[in-house]
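Structure record follows, encoded as structure tokens.
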Amino acid sequence: MSNQPRPTVAVVGAGLAGLGTAWRLSKQGFAVAVFERARGPGGRARSEKLDGFTLEAAGPLLSTGDRKLLTWIDEMGLRDELLPLRPVVTTHWSGGRTASVDSRGLLGIARIPGVRPLDALRLVRLPRLAARYGDRIDLGAPERAADLDDRSIGDFGRLYFGRSVLAHWIEPFVTGESLGEADELSRVLFLRRHRARARERLGVLRAALGEIAVAAAAGLTVRYGIEARRVAWRPDGGLSLTVGSRSAEQVVEPDAVVLATSAADAARLAAPALVTAERDALEAVRYQPAVSLAVALRRPFYPHTQQIQLAHVDGSPVENVLLEPGMPGGRVPDGRGLALLRATGPWSEANFDAPDDSLSTELMGALERIVPRARSAVLFTKLFRVERFMPLFGVGHYRQIARFEAVEQSLRREGRRLYLTGDYRMDPSLEGAVHSGWRTATKVIADFAR
């Protein structure tokens, strides 16, 4: 590539998927321009500061198994600022009972409140099932799991492990990050998530998640406040991208276009360049809205960070609570505390348009039931609403990914240089967004090396 003009790539979207793609391509010598309609980078990973607290809707919780995200942090020179992850103690709350357990092991799962002993014994099947499925639940290739994408987590959990294991461990384990409900999500999501997290530990970043996006964007050409409007074919067979602000419109003609947007936005922007199978797959993607409440506290409740997981059967509007003590120079001021409450997916969807006061009051009431006397320690609260928080990986979604990958591969061989990336093509998580971006960059690099 050094003896030829640098290939030009336009990336639409400065979330983690778009920045991840642009970062990898720029390191390989591509001339990359990123277009972002917002005024800053990060997408749902964006953070804001308020009275010394750093608040974010996505939350700072990661896993030591988030390989791509942690590697990226290291590559950008942010290790000293963000790592190592601060350990998190996982606590399960059900029916007023709380237990701190290590649910990575079968004995720990058996101690979760609400799990029946006879159902717990059935968990010995889980390692055998994971071994049987092997490469089909490979974390880097979700399309390999297409033939396993035939039943929901609910059906799978009840059949193999019993209702109590499903309700008190499997469902909170999966929906705590991806939201949704067990009876609609694909069992593949649980199998892949369990494989990724079985031997790993949860932890929180020492500074804001948004710092990753800010650092990545600083090394790239990013144009903020610029909205992508359409992708079209050029007479020479290449692609053009029309972008604009309120006052002007511009047509750029890069060698390749990467759409790191929601599936719905990708379908709208690239409609003329997509084939029917791609449009159908994109239009089938559903997103889960999210409501969360950040509660700044006068004092920490615990000396170590705790994540409290709740079972949906208890009827609480809260999916989980992250309780974090402050530290010098950290996201939370030293001597203070922070609680981040994430509402369940169904509750968020049903109440998304309700007034702020109503949502905050109900979520604070739930926090009081989980952590008595919490209200007396409150400094202030901040409500977050994200309309498209996570794609729903329902039954059939992995089969759609497999079809999408096959069609895209065929079009790449024919010379089309349009790429779509995002968590909906990999995994409903921050790690999934980064991983998808890196995978897309690998495709672009391979296509231009031919």
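Points to keep in mind about this one:
- Computed from the C-beta positions of PHE301 and LEU121 and an R0 of 41 Å, the FRET efficiency is 0.75 to the nearest 0.05.
- Extension gain (nm, one decimal) between GLU184 and ARG450, 0.36 nm per residue minus Cα-Cα: 91.6 nm
- Angle of helix 430-448 to the longest C-alpha principal axis of the chain, folded into 0 to 90 degrees and rounded to 10: 20°.
- Accessible area per residue in Å² at 1.4 Å probe, computed on the chain: 42
- Lysine pair count for the chain [Cα-Cα under 29 Å; pairs on different chains or 8 or more apart]: 5
- Over segment 94-239, all Cα pairs binned in 5 Å intervals from 0 give whole-percent P(r) values of 2, 8, 14, 16, 15, 10, 9, 9, 6, 5, 3, 2, 1, 0, listed from short to long.
- All-pairs Cα distance distribution in the chain, expressed in whole percent, bin size 20 Å: 25, 56, 18, 0
- Most fluctuating residue given options ASP356, ASP236, ASP51, as computed from a GNM of the chain linking Cα atoms under 10 Å: ASP236
- More than 18 angstrom apart: percent of Cα pairs within segment 385-450: 43
- For segment 191-280: span of alpha carbons on each principal axis (Å, largest first): 53, 34, 23
- Accessible carbon and sulfur surface of the chain relative to its total accessible area, %, 1.4 Å: 48
- Neighbour-limited loop hits for trypsin sites (Lys or Arg not before Pro), segment 38-92 (at most 13 other Cβ within 10 Å; DSSP other than H, G, I, E, B): ARG39
- Distance histogram for segment 115-156 (every C-alpha pair counted, 5 angstrom bins, percent rounded to whole numbers): 5, 18, 20, 27, 15, 9, 5, 0
- Most mobile listed residue (LEU392, LEU148, LEU126) in the chain, GNM with C-alpha springs under 10 Å: LEU126
- Gain in span if fully extended, MET327 to LEU50, counting 0.36 nm per residue against the direct Cα distance: 98.1 nm
- Backbone N under 16 Å from the PHE380 label point (7 Å along Cα→Cβ), restricted to segment 292-330: 293-299
- Here the Karplus relation 6.51 cos²θ - 1.76 cosθ + 1.60, evaluated at θ = phi - 60°, turns the backbone of segment 331-337 into coupling constants of 5, 10, x, 4, x, 9, x Hz, with x for every Gly and Pro.
- Remark: the VAL89-ASP334 segment gains 86.3 nm on full extension, using 0.36 nm per residue and subtracting the alpha carbon distance.
- The eigenvalues of the Cα gyration tensor, multiplied by 5 and square-rooted, give segment 90-169 an equivalent ellipsoid with semi-axes of 26, 13, 12 Å from largest to smallest.
- Per residue, the convex hull around the alpha carbon atoms of segment 1-76 comes to 115 Å³.
- Residue among PRO325, PRO303, PRO254 with the largest mean-square fluctuation in a Gaussian network model of the chain, springs linking Cα atoms under 10 Å: PRO303
- In order through segment 58-70: 3J(HN,Hα) via Karplus (6.51 cos²θ - 1.76 cosθ + 1.60), integer Hz, x for Gly, Pro: 6, x, x, 7, 10, 10, 5, x, 7, 4, 5, 5, 5
The values are calculated or read from the model by the stated rules, or taken from the named source; none is laboratory data. In this text the structure is predicted, and so the values were computed from the model without any measurement. Positions of Cβ are backbone-derived with ideal geometry, glycine not excepted, and every protein chain shown enters the neighbour counts. Keep in mind that these areas ignore ligands, DNA and RNA; they rest on the heavy atoms of the full protein, side chains included. Shrake-Rupley method; radii C 1.70, N 1.55, O 1.52, S 1.80 Å.
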